[in-house]
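See below for the structure under consideration.
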Amino acid sequence: CVGHLTGSSGSIPARPRPSRRRPAAHRTRPLRSLKPVTSAERVPEIALSAAWHRGQIPETLLTYEGETVQVVHRGAWTHGLGPDFADALLLFRERELRSGAVEMHLETRGWRDHGHHLDPVYNTVILHVVARHDGSPTRRADGGLVPVVEVSLPDISHLPIAMLEWDRVGGAVCASRL
């Protein structure tokens, strides 16, 4: 349910229209300084997605079941419309290539808290990436169990403030609630 806005690849750009808006330099807010996150502080969920998107989460992961997962392609960030990353390619146990979605949460229970266990849109999820695994199972609406990997909290000091203020671009609202 987390994302940010980027252009779509492969589309023909629309013809630019004259804008009556002020130049971007006049619309931006000054950045406040951000300190690195410690384990005692709360990291916004979008920071976890940004770390995945930027390749700051390792390419080789280990699930709680002890299976290795090699990231071949991280997928496309979906801007909060359904699972966080679509069309990822992951190699499980060094022999099984799977294509599907990747979902991010601060804690494993976020899956259930957000209602993904009842939403068939999330039946494509093949990996649940969390900052803290609390032991909650990640079960899809179709009954399938999704492997869970726990990753370190990302350093958010490099992110623009607009990315950290998720309420400005959709908040914690999932696509089904839009």
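The values are calculated or read from the model by the stated rules, or taken from the named source; none is laboratory data. Just so it is clear, the model here is predicted, and its values are computed rather than measured. Here the Cβ positions follow ideal geometry from the backbone for every residue, glycine too, while neighbour counts run over all protein chains shown. Accessible surface areas use protein heavy atoms only, side chains included; no ligands, DNA or RNA. Shrake-Rupley method; radii C 1.70, N 1.55, O 1.52, S 1.80 Å.
I'm trying to understand the selection: among the residues of the stretch 70-89, which are among the hydrophobic types (A, V, I, L, M, F, W, C) and touching an Asp or Glu at 6+ places or on another chain (Cβ under 9 Å)? Walk me through it before giving the result.
The first filter runs over the stretch 70-89 and keeps only residues among the hydrophobic types (A, V, I, L, M, F, W, C), leaving 71-72, 76-77, 81, 85-86, 88-89.
If the condition is that a residue be among the hydrophobic types (A, V, I, L, M, F, W, C) and touching an Asp or Glu at 6+ places or on another chain (Cβ under 9 Å), then Val71, Val72, Ala76, Trp77, Phe85 are the ones that fit.
Could you list, in sequence order, all residues of the stretch 84-134 that are β-branched (Val, Ile, Thr), touching a Leu at 6+ places or on another chain (Cβ under 8 Å) and closer than 18 Å to Gly66 by Cβ? Outline the logic, then answer.
If we filter the stretch 84-134 for residues that are β-branched (Val, Ile, Thr), which is where we start, we get 102, 108, 121, 124-126, 129-130.
Next, from what is left, pick out any that are touching a Leu at 6+ places or on another chain (Cβ under 8 Å): 102, 126, 129-130.
Answer for the stretch 84-134, where residues must be β-branched (Val, Ile, Thr), touching a Leu at 6+ places or on another chain (Cβ under 8 Å) and closer than 18 Å to Gly66 by Cβ: Ile126, Val129, Val130.
Being open to solvent by 80 Å² or more (accessible area, probe 1.4 Å) and assigned to a helix (DSSP H, G or I) is the filter here; which residues of the stretch 99-120 pass it?
Matches in the stretch 99-120: Arg112, Asp113, Leu118, Pro120.
Residues being open to solvent by less than 10 Å² (accessible area, probe 1.4 Å), within 15 Å of Val130 (Cα to Cα) and free of Cβ contacts under 8 Å to residues at least 60 places away in the same chain: count how many of those fall in the stretch 42-98.
2
Scan the stretch 133-178 residue by residue and report those that are of a type in the set (Asp, Glu) and either open to solvent by 50 Å² or more (accessible area, probe 1.4 Å) or modelled with pLDDT of 60 or more (or both). If you could, list the steps in order and put the result at the bottom.
Step one: list which residues in the stretch 133-178 are of a type in the set (Asp, Glu), which gives 134, 142, 150, 155, 165, 167.
Of everything in the stretch 133-178, those that are of a type in the set (Asp, Glu) and either open to solvent by 50 Å² or more (accessible area, probe 1.4 Å) or modelled with pLDDT of 60 or more (or both) turn out to be Asp134, Asp142, Glu150, Asp155, Asp167.
Within the stretch 68-84, take every residue that is within 15 Å of Gly100 (Cβ to Cβ) and not in a strand (DSSP E or B) and give me the one that is nearest to the chain's Cα centre (by Cα).
The residue in question is Asp84.
Could we say that Val130 is assigned to a helix (DSSP H, G or I), modelled with pLDDT of 95 or more and either among the β-branched types (Val, Ile, Thr) or within 17 Å of Leu61 (Cβ to Cβ) (or both) here?
Against the criterion (assigned to a helix (DSSP H, G or I), modelled with pLDDT of 95 or more and either among the β-branched types (Val, Ile, Thr) or within 17 Å of Leu61 (Cβ to Cβ) (or both)), Val130 does not qualify.
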